[in-house]
Amino acid sequence: MIVAAGIDIGGTETKIGFVNRDGDMLAFTNIATNAERGYKAFLKQLQSEITVLIDSLSAVSLVGIGIAAPTGSYQNGTIENASNLGWPRNLPVCDLLGSYFDVPAVISNDANAAAVGEMLYGVAQGVDNFICITLGTGLGSGIVADGKLLLGADGHAGELGHFIAVPNGRPCACGRNGCLETYASATGIVKTYLQLSEKISTHTPSENNSRLTAKNITKAALAGDENALKAFEITGEILGKKLADAISVLNPELIVLNGGLSRAGDLILLPTRKHLEENLLNIYNGTVEVKISKISSKKSAVLGAAAFMWLKLDEVSEEATKQHH
């Protein structure tokens, strides 16, 4: 059986999975990234883990490696801003891993990988124009236009998380203020909830502030907590308005929400849909669906990275067929 490896390199954790052509995850593991030990030690452990996974499955053949990383460049095969991990800039991770296993390797950012996963295996199957929004620590987005992933000149197309949502708003890690991801993300909704709690009451919210998470706020909203419900309404409003702007540029037929905050389901989906429709240019009214991903958020980028590899192999095969004819 042939499999592609999907690798999701995160700041704290790296996930590895083997995925067949049908999108079945046949093996999965995760390791601590421990970036401070240096990229050579990290890659050595990664190679070892992939080898262990291959040995754990009977009669599998590895045909390629897909990698998802926050600043992965598809065109260059590098992690472009590896300084985030304390590694050299422009780390040629595809060459390093691919040569070890003697298979092709591709890399993309995690949001693009998630979009490709949705296109091949998720709710966007058969949809040629859609936006995949990843609501995690930040807000990532992958755009598919006319059936192809939109990469842009340097592979960085689709940074919707850095639309200015609130002029002179919250400081963003990018160095600017008011970016969408500082409001519409798992960390953004925590800040919104804390602001609401401080306005209404002088006492600290029931959860210890340092331990407050989007998951806690979801539980509180489901239990009827007014601040939590209001936080989801505000988050959905800001997200919906900015997605309405994106629709004017891209004319998609579907928006897929995935990542940790999307697990709140209707709490985030309904206000987002409502404010999206209210702020759309009228020619787009009723033309765009908003859906929650059905792919596990923990394995979404792994599946997407492997899907990216399958897509690349298909392209190579098509090119070879054309040249043959």
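The values are calculated or read from the model by the stated rules, or taken from the named source; none is laboratory data. These numbers come from a predicted model, not from an experiment. Because the Cβ atoms are built from the backbone with ideal geometry, glycine has one as well, and the counts that use them run over all protein chains shown.
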Next item on the list: Only residues that are part of a loop (DSSP other than H, G, I, E, B) and farther than 14 Å from GLY240 by Cα: list them for region 174-194, please.
Entry: CYS174, GLY175, ARG176, GLY178
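Residues that are part of a helix (DSSP H, G or I), among the acidic types (Asp, Glu) and either under 18 Å from the mean Cα position of the chain (by Cα) or not assigned by TED's automatic domain parsing to the domain that holds VAL19 (or both): does region 256-270 have at least one?
yes
Can you tell me which of ILE133, ILE143 is more than 11 Å from the chain's Cα centre (by Cα) and in a strand (DSSP E or B)?
ILE143
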Notebook entry, point to check: Considering only residues of region 238-249 that are buried (at least 19 other Cβ atoms within 10 Å of the Cβ) and not basic (Lys, Arg), which is farthest from THR192 (Cα to Cα)?
Noted result: ILE247
Notebook entry, point to check: Within region 201-211, is there a residue that is assigned to a helix (DSSP H, G or I), free of Cβ contacts under 8 Å to residues at least 60 places away in the same chain and within 20 Å of GLY140 (Cα to Cα)?
Noted result: no
Check: What do you reckon, is HIS162 modelled with pLDDT under 90, outside the structural domain of ASN76 (by TED's automatic domain parsing) and under 15 Å from PRO70 (Cβ atoms)?
Finding: no
Margin query: From the list SER197, SER201, exactly one residue is surrounded by 20 or more Cβ atoms within 10 Å (Cβ to Cβ) and at pLDDT below 95. Which is it?
Written below: SER197
Item checked: Flag for ASN112 being polar (S, T, N, Q), part of a loop (DSSP other than H, G, I, E, B) and either within 25 Å of LEU149 (Cα to Cα) or not assigned by TED's automatic domain parsing to the domain that holds LEU313 (or both) -> no
Check: Just one of ARG273, ARG176, ARG170 is over 23 Å from SER297 (Cβ atoms), in contact with a Gly (Cβ under 8 Å, 6 or more places away or on another chain) and either at pLDDT below 95 or not small (Gly, Ala, Ser) (or both); which is it?
Finding: ARG170
Notebook entry, point to check: For THR287, which of the numbered conditions (1) assigned by TED's automatic domain parsing to the domain that holds LEU135; (2) farther than 23 Å from GLU233 by Cβ; (3) touching a residue at least 60 places away in the same chain (Cβ under 8 Å) fails to hold?
Noted result: (3)
Checklist line | Sole exception among (1) surrounded by fewer than 24 Cβ atoms within 10 Å (Cβ to Cβ); (2) outside the structural domain of ILE234 (by TED's automatic domain parsing); (3) among the charged types (D, E, K, R) for ASP146, by number | finding: (2)
Checklist line | The lone exception for SER48 - which of (1) hydroxyl-bearing (Ser, Thr, Tyr); (2) at pLDDT below 90; (3) in a helix (DSSP H, G or I) it fails | finding: (2)
Checklist line | Residue tally, condition out of contact with any helix residue (DSSP H, G or I) (no Cβ under 8 Å at 6 or more places or on another chain) and either closer than 19 Å to ARG37 by Cβ or at pLDDT below 85 (or both), over region 59-91 | finding: 3
Next item on the list: Please find, within region 52-88, the residue that is nearest to CYS174 (Cα to Cα) out of those that are part of a helix (DSSP H, G or I) and within 23 Å of the chain's Cα centre (by Cα).
Entry: ASN84
Notebook entry, point to check: Looking only at region 274-308, which residues are more than 20 Å from the chain's Cα centre (by Cα) and part of a helix (DSSP H, G or I)?
Noted result: LYS274, HIS275, LEU276, GLU277, GLU278, ASN279, ASN282, ILE283, TYR284
